[in-house]
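Down below is the structure, laid out as structure tokens.
The values are calculated or read from the model by the stated rules, or taken from the named source; none is laboratory data. As the structure is a computational prediction, the values presented were derived from the model and not from experiment. Note that we place each Cβ from the backbone using ideal geometry, even for glycine, and neighbour counts take in every protein chain shown.
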Amino acid sequence: MQMTNKQMVLEAAIDLHNQRQVVSRITLEAVLNLKRISITESLSILEEEGLLDRVVSGVYVPVAQHPESRLITKTKLDDGTVNLSISEKRGDIVILLTPREAMRIGEHFMFEALQMSNIQAGHLATAAIGEAKREMKALRRQVRELQEALASNVHA
């Protein structure tokens, strides 16, 4: 079965990215036997489908494709041990951790926790900035209206 242009562009983009090369129309044209219009169309489709991200104009990176997330639960037992359970279709993976092992795993995931915290703080800051901008715009409009009303009363 012959690959579609879209499949060829995606595979080439992944290969170039893995080789630390810039993924652009020009680099794809150099490695593929496709016309630039076909590459451009394929890039647009791949971006719409969420398989490529445009990082800057004309430069793309493949989006990591991961399997669906599994349910993970943690239960801390009275004696300090931790029961970690990962649910899968073919059965649960259950790991009983000593307190020391649980702390070491926590240390390994501190970066992810900090990253999540920073992402959440960024979302909250963006929302606050948006609200402040809306309020500032409303206040400017009110000031303008008051200035116009004052000016019309002075001239009357």
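Among the strands (runs of 3 or more DSSP E) contained in region 72-140, which hold 3 or more residues that are surrounded by 10 or more Cβ atoms within 10 Å (Cβ to Cβ) and hydrophobic (A, V, I, L, M, F, W, C)?
Passing ranges, in order: 82-86, 93-97.
For region 1-55, enumerate the residues that are of a type in the set (G, A, S), within 20 Å of Q65 (Cα to Cα) and surrounded by fewer than 16 Cβ atoms within 10 Å (Cβ to Cβ).
Listed by number, the residues that qualify are S44, G50.
Which residues, taken from region 25-71, are under 28 Å from E88 (Cα atoms), of a type in the set (G, A, S) and at pLDDT below 90?
Those that are under 28 Å from E88 (Cα atoms), of a type in the set (G, A, S) and at pLDDT below 90: A64, S69.
List pairs: first residue in region 53-75 and under 23 Å from H17 (Cβ atoms), second residue surrounded by 10 or more Cβ atoms within 10 Å (Cβ to Cβ) and among the hydroxyl-bearing types (S, T, Y) anywhere in the structure, Cβ distance under 9 angstrom, at least six positions apart or on different chains.
Hits for this filter: D53/Y60; R54/Y60; G58/S24; V59/S24; Y60/S24.
When both residues are 6+ apart or on different chains and their Cβ atoms are under 9 Å apart, which pairs have a first residue that lies in region 20-46 and is closer than 10 Å to K6 by Cα, and a second that is among the acidic types (D, E)?
Hits for this filter: I39/E29.
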